[in-house]
Amino acid sequence: MLIILGYDGLEYDFVEKNNFPNLKQQSFGKTDLSDFKEPRTIVIWSSFMVGRNLEADILKQGAKMWGTKIKPENTFLKNFKNHYTIDVPGFSYVLKQHETERDLLKGFFDKKNTIKEFDKCAFDHHKFVKEQFFKELKTNKDLVFGYFNLADVVGHLSFGLELKMKLIYQELNDIAKKVQIEHPDATILIISDHGMQAIGQFGDHSRHGFWSLNKDIALNNPKPTDFANLIAHNFQAN
Ligand SMILES: [Zn+2]
């Protein structure tokens, strides 16, 4: 069984500095985003799913890019018989939720809503995804891919607030810990699209991502597009 924890915006430097053991797992490192002009969420996750850089194709769609829907047969999912994904950008993305998040982000800068209201929207969705994800892990799947965007969404308005972000990372660490304890025989991949860097109290995307695996593996600064092949050929055992 393969379990993928897709942690949007998980910052390598923050994980290292604060030493979250269940995020780091046995092997971990940065991903190389140099093939991408900008570290865009929808572009990187979609490229991760298909194993090829889709930046140009996705940007062509303009504002509609968030609605990108890639067919499973064009992704690494074709190598799995019984898979489940929740909220993966470009694939099973819950578009309405994320449109609301973007409206609330803009609303904060337009002084229409507070950070608290913005955070609540993100936390409520996180709780929903987490419940579904753990429910699916109890069924007989060969791949479960949960996408959690708390580090990115909350990070945009709060990445400079270290204590607050530590609580967010602790929550993501605890999800990983529960997965590791409950599924000791599974291959567990933790992956982010990009990290975050503080801009005062706020945050913006950094130019590297994060990966970790609960196995000994030497991956030298892999690209997001390298994983589809690894998933298909190396991560399926047990
Ligand atoms: Zn992102």
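If I model a spin label at ASN18 and ARG102 as a point 7 Å from the Cα along the Cα→Cβ vector, what separation in nanometres do I get?
2.7
Take the alpha carbon gyration tensor of the chain, find the square roots of its eigenvalues, order them as a ≥ b ≥ c, and report rounded if a/c is under 1.5; if not, report prolate when a/b exceeds b/c, else oblate.
Judged from the Cα gyration tensor, the chain comes out rounded (a/c under 1.5).
Just to verify a number: FRET efficiency for ASP216 and ARG52, C-beta to C-beta distance, R0 = 22 Å, to 0.05?
The calculated FRET efficiency here is 0.20.
Expressed in nm to one decimal, what extension gain is obtained for the pair GLU73 and SER92 from 0.36 nm per residue of sequence separation less their Cα-Cα distance?
5.5 nm
For the stretch 55-190, what does the alpha-carbon gyration tensor say about shape, rounded, prolate or oblate, given a ≥ b ≥ c as the root eigenvalues, a/c under 1.5 as rounded, and a/b over b/c as prolate?
oblate
Whole-Hz ³J(HN,Hα) for each residue in the stretch 80-96, computed from phi via Karplus 6.51 cos²θ - 1.76 cosθ + 1.60 with θ = phi - 60°, x for glycine and proline: what do you get?
10, 7, 10, 10, 9, 10, 10, 6, 6, x, x, 9, 10, 4, 8, 3, 4
Where the centroid of each part is defined by its Cα atoms, how far is the stretch 125-157 from the stretch 158-184 in Å?
12
A 31 angstrom limit on the alpha carbon distance is what I want to check against. Which of LYS96/LYS135; LYS17/LYS96; LYS81/LYS106 exceed it?
Result: LYS17/LYS96; LYS81/LYS106 exceed 31 Å.
Please work out the average accessible area per residue across the stretch 2-233, using the 1.4 Å probe convention, and give it in Å².
Heavy-atom SASA per residue in the stretch 2-233 reads 46 Å².
Roughly speaking, to the nearest percent, how much of the chain's 1.4 Å accessible area is carbon and sulfur?
C and S atoms contribute 52 percent here.
What share of the DSSP beta bridges in the chain is antiparallel, in percent to the nearest 5?
50
Would you please give the FRET efficiency between GLU117 and ILE181, computed as 1/(1 + (r/R0)^6) with r the Cβ-Cβ distance and R0 = 41 Å, to the nearest 0.05?
0.75
With a ≥ b ≥ c the root eigenvalues of the C-alpha gyration tensor of the stretch 1-132, is it rounded (a/c under 1.5), prolate (a/b larger than b/c) or oblate?
In terms of gyration-tensor shape, rounded.
Considering only GLN201, GLN25, GLN170, give the residue with the highest GNM mean-square fluctuation for the chain, with springs between Cα atoms whenever their separation is below 10 Å.
The residue that fluctuates most here is GLN201.
The values are calculated or read from the model by the stated rules, or taken from the named source; none is laboratory data. All of these numbers come straight from a predicted model, not from anything done at the bench. With ideal geometry, Cβ positions are generated from the backbone for all residues, glycine too; neighbour counts draw on all protein chains shown. Note: accessible area is taken over every heavy atom of the protein model, side chains too, but ligands, DNA and RNA are not part of it. Shrake-Rupley method; radii C 1.70, N 1.55, O 1.52, S 1.80 Å.
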